[in-house]
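Report on the structure given below.
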Amino acid sequence: MAVFAIIGFGELGSSLAAGLGRSGKHEIRVYVRDRSGPGADAALATRIEQAGVRQSHYLGELAADATAILSAVPGSAAREVVRGCAPGLAPGVYYVDLTAAPVAHKREGAALVSAAGGRYVDAAVLGTVAASGFEVSIAASGPGAHGWQKLVAPEGLNVDVLDAPAGHATLLKLLRSVYTKGRDALVVEMLLAARHYGLEQRVAESIAGPGEEVPFPALAERVLSSVAIHAGRRGDELGASGDVVHEAHVEPVMARAAQEVLGRLAELGLRDAFDGKRPADAGEVLSRIEALSKRRPLSNRG
Ligand SMILES: NC(=O)c1ccc[n+]([C@@H]2O[C@H](COP(=O)([O-])OP(=O)(O)OC[C@H]3O[C@@H](n4cnc5c(N)ncnc54)[C@H](OP(=O)(O)O)[C@@H]3O)[C@@H](O)[C@H]2O)c1
């Protein structure tokens, strides 16, 4: 039997409590901030009762004898929570930080936990609990990652371990967010402008189709090899796109930013570097961009 001490009983914490408690083999404890008094939250108390978990208002009590402490608080509270827990950690206990705290805070947490004799896990939740529930993908790095993965895999928690120090799982999450969250902003900008012209549905449908139903690595290959030779003309087209978005009274922030990035790639001479021919190896495109940018940094052009 393992003892899982979960700090924070919001969307993630309650999903973890339910999933890790499902088999009935483990003890689940949750820490919630003391709400007794005028602001007491009856709904929370009911949820905790229904989950059948042991509740504590004291971190020290919650963590005593724990096999793993799971921090599921907002990223802004992660530092305060690890600082509160570290001095009382039992040797070998896993401290799993599942929050969206910045990389530097995760590294700092890892140092504190290691100094106290615990095993730190930087755990980055890559999807959403609302969409995937307990099966949500979690990337983990840091000294405790392998051991924690072995502990929770039999319960069905979907942990993918990176052989890397604490902070790397969070790096992975933040880097993929450039695409996943950037895409959110693109979709909104595009559809708002399309709606203005009465073309919302047509535009959305025009993007569907087999070309969009490719696994991401194949999509990335396709994007890189075509951008290598067509960045200039695509940037120009985006200039015109930005104009129609603007005329729809939507600020074309994303269209202009993408135009800028593609324009800079074209200015680097990427097309000439490939003799105007679509490269077979998409990885080579990134290498060429890196090499060309050393001569003329992408980020510093006036
Ligand atoms: N939910 C998801 O799908 C998802 C996906 C990716 C990452 N995450 C990350 O997972 C973490 C938790 O997310 P969530 O959606 O479960 O958030 P949530 O529903 O807002 O729950 C946060 C919980 O943390 C508690 N809390 C806040 N500050 C605290 C503190 N200083 N000490 C102790 N407890 C504190 C809250 O208690 P009070 O009610 O007392 O404020 C609440 O129970 C976040 O860092 C989030 O970015 C979540």
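The values are calculated or read from the model by the stated rules, or taken from the named source; none is laboratory data. Bear in mind that the values here come from a model prediction, so they are computed numbers and not experimental data. Neighbour counts are summed over all protein chains in view; Cβ atoms, including those assigned to glycine, are modelled from backbone coordinates with ideal geometry. Note: accessible area is taken over every heavy atom of the protein model, side chains too, but ligands, DNA and RNA are not part of it. Shrake-Rupley method; radii C 1.70, N 1.55, O 1.52, S 1.80 Å.
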(message) I need a count of the residues in the range 100-130 that are under 14 Å from the mean Cα position of the chain (by Cα), within 15 Å of Ser15 (Cα to Cα) and assigned to a helix (DSSP H, G or I).
(response) 1
(request) With respect to Ala124, determine if the residue is open to solvent by less than 10 Å² (accessible area, probe 1.4 Å), over 16 Å from Leu16 (Cβ atoms) and within 11 Å of the ligand (Cβ to nearest atom). (result) no
(message) Going through Leu112, Leu62, Leu89, Leu70 one at a time, which residue ends up being at pLDDT 95 or above, under 15 Å from Tyr31 (Cβ atoms) and not charged (D, E, K, R)?
(response) Leu70
(request) Name every residue in the range 202-215 that is open to solvent by 70 Å² or more (accessible area, probe 1.4 Å) and at pLDDT 95 or above, in order of residue number. (result) Arg202
(message) open to solvent by 40 Å² or more (accessible area, probe 1.4 Å) and over 29 Å from the mean Cα position of the chain (by Cα): which single residue out of Leu199, Leu238, Leu268, Leu171 fits that description?
(response) Leu199
(message) Just the residues that are out of contact with any helix residue (DSSP H, G or I) (no Cβ under 8 Å at 6 or more places or on another chain) and crowded, with 17+ Cβ neighbours inside 10 Å, please, taken from the range 97-121.
(response) Arg107, Ala110, Ser114
(request) Give me a count of the residues in the range 153-208 that are closer than 30 Å to Arg107 by Cα and either assigned to a helix (DSSP H, G or I) or aromatic (Phe, Trp, Tyr) (or both). (result) 21
(message) With the condition being out of contact with any Ser or Thr (no Cβ under 7 Å at 6 or more places or on another chain), more than 12 Å from the ligand (Cβ to nearest atom) and open to solvent by 30 Å² or more (accessible area, probe 1.4 Å), I'd like the helices (runs of 4 or more DSSP H) fully within the range 1-96 carrying at least 1 qualifying residues.
(response) 11-21, 42-51, 59-63
(request) Return the only residue of Val227, Val250 being closer than 29 Å to Tyr197 by Cβ, open to solvent by less than 60 Å² (accessible area, probe 1.4 Å) and in contact (Cβ under 8 Å) with a residue 60 or more places away in the chain. (result) Val250
